[in-house]
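Novice: Starting off with a structure, shown below.
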Amino acid sequence: MLARNAESLYWIGRYVERADDTARILDVSVHQLLEDATVDADATSRQLLTVLGITPPPGMELDVWTLTELVAMSREHAGSIVSSISSARENTRVAREVVSTELWECINSMYNAVPERQRAAKRVGPSLFFSFVEERAAMFAGLADSTMSRDDGWRFLVLGRFVERVDMIVRLLMSRVGDKPSSPGWVTVLRSAGAHDTYLRTYRGALDATRVVQFLLLDRLFPRSVFHALSQAESCLDHLDNQPSTRVGAKAEASRLLGKARSELEFLRPEELLEDLTGRLLGLQQCIRDVGEAVALQYFHSVPWVAWTNAEVSL
Amino acid sequence: MTTTPEAVRQSRTGTMDPVSWRVRVVHTTGYRYEAPVVQSYNEARLTPRSDRRQNLVVARLETTPATRSYRYTDYWGTEVTSFDLHAPHTELKIVASSVVETTEHVQPIDDASWADLRGDGIADRYGELLEPTRYAPRNKELISIARKLRTGRRPMEAVLAVSEWVHDQLTYHQGTTGVHSSAIDAWQAREGVCQDYAHLTLAMLRSIGIPARYVSGYLHTKPDGAIGETVRGESHAWIEAWTGGWWGFDPTNDIEIGQRHVWVAIGRDYGDVSPLKGTYSGGAASAIEVSVDMTRLA
Amino acid sequence: MNRASGNGDLFDNYLDPKRPHAGAFDEMFAADSTVRSAYRRLYDSLSPSKPADLATRAEALDRALVDQGITFSLSGQERPFPLDLIPRVITAGEWAKLERGIVQRVRGLEAFLADIYGDQQIIRDGVLPRRLITSCAHFHRQAAGVSPPNGVRIHVSGVDLVRDEDGTFRVLEDNLRSPSGVSYVMENRRTMARVFPDLFAKHRVRAVGDYAVHLLRALRAAAAPNVADPTVVVLTPGVHNSAYFEHSLLARLMGVELVEGRDLFCRDNVIYLRTTEGERQVDVIYRRIDDEYLDPVQFRPDSVLGVAGVINAARAGNVVIANAVGNGVGDDKLVYTYLPEILKYYLDEAPLLPNVDTYRCWLREERQYVFDHADELVIKPVEGSGGYGIVFGPDASAKELAAIRRRVRANPRGWIAQPLVQLSTVPTKVGQRLKPRHVDLRPFAVNDGKSVFVLPGGLTRVAVPEGSLVVNSSQGGGSKDTWVLAARSSTVDPELSGQRLGTPQEESAPERGPELTSAQQQQQQQQ
């Protein structure tokens, strides 16, 4: 497939996932702030912004509303939900002929509905906006699942989705590394990841940090665990790589990075998990960045516009 | 660029040349780039043609780095060699060599009157050779000078008069103008190279209704060149005018076209016949040292 | 009651005798206010409607357009394509005449272009003056000697037609470079079918949806004969181009890649596509980039949109550029005036579709006529499109007329003049009512080398401001769905005939999972 389109699909996958996960994280955080008056709104907000990679504005007391504005509505911040939606839409527009019409109309009408939903959120609270984003992301995933051929294009889209998911779950965990193992904050983490129900059924209600981290990092069955996302991304890359297999090591750098990260988690003793959790999370984040670069190098040979120069030799 | 006019002046009046020459031309040119270039597309117009006066015996064109070249004949009948390079390189060298037989002086043709030139037939047939161009634009002052030169002369005589006027007006100065200067710039500076002489002559001839075209080629610098002696020749440019038939004249040296002139391409102006032009992506390029070696073989 | 006045609200005062250009031919109503036969069914369906019905439908239509992303860019802004609610109707008989005329023009102009970029026999034979060609800005000497494998240069053409005061279709100009608008023909139809299903049920409208099939066939046929399965791409300037939507739609409907210049590169006169699996050779480029930007080696060196080396690749026969480079010499507005000579020379036929009468400013007598009658004529630059630079003599001040005379005198080759044609009018929704607005028509023709297919329909553009005769989307114009009615015997139109694949057999109900019986439900509730 056309390298430029592959790149667009990969980024559509990433941006939609990012919008979805950001909405989930924010949804839970905002509710926590509203429900629990003892929480220091400014400090919590700043911590969340740092984790999401948004520089908090200096000299400004943050509360639920400014937080929502920055992380959800702002068009200036590249990491905000609205920016992610519009980037996803822009990428779909330039790769229009490789996505299905349903998928395009889903993203386009999502994009078109943003202003109206923003106004509604101002009236009745931000939660409606978050659930709108989550619903649309789910609809996108469903339409992609039912209308796209399982060809390379699909694989790039899914690759983007899972790469982004690893990144976002890691960020989510990062937001809690300072908490006490018994902190109620860990429930928030599970809710953000949509993992609360599944967790409760798996561990029969016992809530502690080790198990939460274990569930979100290592669980083999839960689709939002880092391990699962890494395995899925790895499998996409395996299918994408058509080169003859090598006899030593991995075929390509991206597969090697993902496989290494995956197997480290796979064969980790559960009790070692909380030792140097920060380092482990940072390592995963770095790995994801490297994977992104390796994929771009291997597949997205799209070149920037060439500026031609005219040369002429006189007589 | 071109040899100084004085050196060749005597040819007009000098000794009789033998009827025909056989000349070998080796033209080396190219670019040097500041940074390695990985994409470059080039077209060379360096292969002499055959016609009544000139016979091409053999021609070849080599590039370094080596390329797979493609040849075609363009709208003006010029042999074009196109080639592209994709491996990183910092220098591109082109060597065009050919052996050409040339014959004696071209005589002016005096078959057309002013009325013939004004007739619809000629104006239509040579329409594109009567229009001003980028290098030979229209200029009011030049038009009035050309009109004065036309007075009392037949078209053929006017061609010679204009050429002589241009020759007297400009001082030959190598490097005074680049490829991109027009006839007007050169005239205002009162100096130029052979292209400027040709462009200025073209602009004036066209303004008085004489179809005229630009000729690029080479000039053997020694009128009495000895057989076997290799001289430093020059890339050169002159004009052809239609006065009942096409014939050439060299306004730079104020001489007729003879055995020493090897023609490569004709067009409306320099833009149609530029010997080497290309498009590449990367840093700045400069021309490498150009050399034209000419050897009279027979 | 088939009358244009007094009856329903919609057509109130439709044929106002005081309206501007009252002499124009109205396509729905004859001068005596009776409804013409083509529009009778449409009129019967519409006239009982109330203005509020129209407003509802108009709203639904706009929403459908925006959500489908059917937009065009106007100075960088994305806007929904303006589609009017009321379709424009062309009868089978009228269409048959247009179709023959368009096919004839395409055949004649193909022969003309092949000759001009080849031996120029028509000039040698003295039928056309040489200067007509050599002075044409779109005569590209770079394209001389490039001969496409199947001889087709005008793969896609759009002929702009207008109807004069007598209702006669006349050709206003030919578009042989990359005529745009066909996507709106297809999308207008799809949208109208959503909003007005009942109208379609009452008419037999010929389908326009299979345009891409014809286009792809023509493009594949254009490839060099020894390419078994040619790779076709659509080359677009990029997402910010005003017609990007169309480029994307055509690529999608043909199932081929939509590429930008940077996705392609040329090596040793072969064009390759950059894919995730490496390079892939490209055989046919359906380009929607102007000639001047196509190849920085041959044309504008500062072009970043094109592909360096593509012209020589085409010359070497390794790639086919569609439409061919240099087609502009065939749709030059001055060359247009010589079309009768061209058709006579190559086909030995007289034009089936007349031109609009045109005065050529480069001929002394005609120029004098233009100067003497400047206040009655429309003076147009030979170059340029989108209605820019046109001077409407009747509206111009004495100063403007003097200015235009000066400009014509300075460059007579650059100007032509035509009598003011009062374009025909069609009912158009203006506010809450239907009003006559002027329209033109651009049908699209696809040449695959064996036959010329004319899409039954076309882009009808509407001049929305009252009295305006300039139909152009860049000047606030709108569009209409154009309905070509099928002839009475349906098998005549190929898209309506054909065998069925099979017939559905006996019915079988879908399976269902286990359910609670009502007795079980009752027990559960009682507990």
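What follows is calculated from the coordinates using simple rules that are stated; it is not laboratory data. Because the structure is a prediction, the values reported are computed rather than measured. Because the Cβ atoms are built from the backbone with ideal geometry, glycine has one as well, and the counts that use them run over all protein chains shown.
Novice: For B:His199, C:His140, B:His86, C:His240, what's the fewest-to-most ordering of other Cβ within 10 Å of each Cβ?
Specialist: Ranked by crowding around the Cβ, least crowded first: C:His240, B:His86, C:His140, B:His199.
Novice: Loop sites only, by DSSP: take the trypsin sites (Lys or Arg not before Pro) in chain C that have at most 11 other C-beta atoms within 10 Å and name the longest stretch containing none of them.
Specialist: Looking at chain C, C:19-449 is the longest stretch - no exposed trypsin sites (Lys or Arg not before Pro) with at most 11 other Cβ atoms within 10 Å.
Novice: Can you work out ³J(HN,Hα) from phi for every residue in segment A:9-15, in order, using Karplus 6.51 cos²θ - 1.76 cosθ + 1.60 and θ = phi - 60°, giving whole Hz and x for Gly and Pro?
Specialist: In residue order, the calculated couplings are 4, 4, 6, 4, x, 5, 5 Hz.
Novice: Still on this structure, please answer the following. With a sphere of radius 12 Å drawn around the Cβ of A:Thr66, what net charge do the other residues whose Cβ falls strictly inside it have (Lys, Arg +1; Asp, Glu -1)?
Specialist: -3
Novice: Still on this structure, I have one more. For C:Glu376 and C:Gln521, compute 0.36 nm times the residue count separating them, minus their Cα-Cα distance, and round to one decimal in nm.
Specialist: 43.5 nm
Novice: Can you return the lysines within cross-link range of C:Lys344? Criterion is Cα-Cα under 20 Å, with same-chain partners fewer than 8 residues away left out.
Specialist: C:Lys97, C:Lys333
Novice: In debye to the nearest 20, how big a dipole does segment A:103-169 give about its Cα centre with +1 on each Lys and Arg Cβ and -1 on each Asp and Glu Cβ?
Specialist: 320
Novice: State the answer as a single residue: which of C:Ser424, C:Pro225, C:Pro129 lies farthest towards the positive end of the charge dipole of chain C, with beta carbon charges of +1 for Lys and Arg and -1 for Asp and Glu, about the Cα centre.
Specialist: The listed residue farthest towards the positive side: C:Pro129.
Novice: If you don't mind, there's one more thing I want to ask. Round to the nearest 0.05 the FRET efficiency obtained for C:His203 and C:Asp16 when R0 = 25 Å and r is the Cβ-Cβ distance.
Specialist: Efficiency computed from Cβ-Cβ geometry: 0.35.
Novice: Here's another thing I want to ask about it. Summing +1 for each Lys or Arg and -1 for each Asp or Glu, what net charge is found among the other residues whose Cβ lies under 12 Å from the Cβ of A:Phe140?
Specialist: Taking every other residue near A:Phe140 into account, the sum is -4.
Novice: Run the helix sum for chain A: -39,500 (n - 2.57) per DSSP H stretch of 4+ residues, divided by residue count, reported at 222 nm to the nearest 500 deg cm²/dmol.
Specialist: Dividing the helical sum by the residues of chain A leaves -22000 deg cm²/dmol.
Novice: Given a Förster radius of 56 Å and the C-beta distance between B:Ile227 and B:Lys140 as r, what FRET efficiency does 1/(1 + (r/R0)^6) yield to the nearest 0.05?
Specialist: Once rounded, the FRET efficiency stands at 0.65.
Novice: Each residue of segment A:180-191 in order: what ³J(HN,Hα) in whole Hz does its phi give by Karplus 6.51 cos²θ - 1.76 cosθ + 1.60, θ = phi - 60°, with x for Gly and Pro?
Specialist: Values per residue, Gly and Pro as x: 6, x, 9, 4, x, x, 5, 5, 4, 4, 4, 4 Hz.
Novice: Mind checking the angle between helix B:194-207 and chain B's longest principal axis? C-alpha axes, 0 to 90 degrees, to the nearest 10.
Specialist: Once rounded, the angle reads 40 degrees.
Novice: Extending each Cα 7 Å along its Cβ direction at C:Thr56 and C:Ala96, get the distance between those two points in nm, one decimal.
Specialist: In this crude label model, C:Thr56 to C:Ala96 measures out at 4.0 nm.
Novice: What is the spin-label model distance, in nm, from A:Ser149 to C:Tyr369 if the labels are put 7 Å beyond Cα along the C-beta direction?
Specialist: Rounded to a tenth, the inter-label distance reads 5.9 nm.
Novice: What nm distance separates the two modelled labels at C:His240 and B:Val26, each placed 7 Å from Cα along Cα→Cβ?
Specialist: 5.1
Novice: Let me ask you something else. Excluding residues on the same chain fewer than 8 positions from B:Lys93, give the lysines whose Cα lies under 21 Å from its Cα.
Specialist: Excluding near neighbours in sequence, the set is B:Lys277.
Novice: What is the helix-to-structure angle for B:140-150, meaning the angle in degrees between its Cα long axis and the longest Cα principal axis of chain B, kept from 0 to 90 and rounded to the nearest 10?
Specialist: Computed tilt is about 60 degrees.
Novice: Something else about it: Viscosity 0.692 mPa s, temperature 37 °C: what is the translational diffusion coefficient of the protein assembly as shown from Stokes-Einstein with a Kirkwood Rh over Cα pairs, rounded to a whole number of µm²/s?
Specialist: Result for D is 94 µm²/s.
Novice: Using the 2.2 N^0.38 Å rule of thumb for compact globular proteins, work out how segment B:105-273 stacks up: its C-alpha Rg over that value, please.
Specialist: Against the compact-globule rule of thumb, the ratio is 0.99.
Novice: Any idea which of B:Met294, B:Gly233, B:Gly217 is furthest toward the positive side of the dipole for chain B, if Lys and Arg beta-carbons carry +1 and Asp and Glu beta-carbons -1?
Specialist: B:Gly217
Novice: Could you run the Karplus curve 6.51 cos²θ - 1.76 cosθ + 1.60 with θ = phi - 60° over segment A:165-174 and give me ³J(HN,Hα) per residue in whole Hz, x for Gly and Pro?
Specialist: Residue by residue, segment A:165-174 yields 5, 4, 4, 6, 5, 4, 4, 4, 5, 4 Hz.
Novice: Between A:Glu102 and A:Thr278, 0.36 nm times their residue separation minus their Cα-Cα distance comes to what?
Specialist: 59.2 nm
Novice: I would also like to ask the following. Please compute the average number of Cβ atoms from other chains found within 10 Å of each residue's Cβ in peptide A:170-177.
Specialist: Partner-chain Cβ atoms within 10 Å, mean over residues of A:170-177: 0.
Novice: Evaluate the charge dipole of the protein assembly as shown about its Cα centre and quote only its size in Debye, nearest 20, assuming +1 on the Cβ of each Lys and Arg and -1 on the Cβ of each Asp and Glu.
Specialist: 1260
Novice: Could you work out the longest stretch of chain B that avoids the GluC sites (Glu not before Pro) located in DSSP loops with at most 13 other Cβ atoms within 10 Å?
Specialist: B:1-228
Novice: Tell me which of A:Gly59, C:Val319, B:Ser50 sits at the most positive position along the dipole axis of the protein assembly as shown, charges placed on C-beta atoms (Lys, Arg +1; Asp, Glu -1).
Specialist: Towards the positive end, the residue furthest out is B:Ser50.
Novice: Would you tell me the mean number of C-beta atoms belonging to other protein chains that fall within 10 Å of each C-beta in C:313-325, as a whole number?
Specialist: Across the residues of C:313-325, the mean count of other-chain Cβ atoms within 10 Å is 1.
Novice: Count the net charge of all other residues whose Cβ sits under 14 Å from the Cβ of B:Arg52, scoring Lys and Arg as +1 and Asp and Glu as -1.
Specialist: Computed value for this residue: -2.
Novice: Per residue of A:149-156, how many C-beta atoms from partner chains lie within 10 Å of its own C-beta, taken as a mean?
Specialist: Mean partner shielding for this stretch: 1.
Novice: Now for a different question. Take peptides A:162-171, A:118-127, A:85-94, A:266-275 and line them up by average Cβ neighbours within 10 Å, highest first, as a rough protection proxy.
Specialist: A:162-171, A:85-94, A:118-127, A:266-275
Novice: Additional query: First measure r as the distance between the Cβ atoms of A:Leu34 and C:Val213, then evaluate 1/(1 + (r/R0)^6) with R0 = 56 Å and state the FRET efficiency to the nearest 0.05.
Specialist: So the FRET efficiency works out to roughly 0.45.
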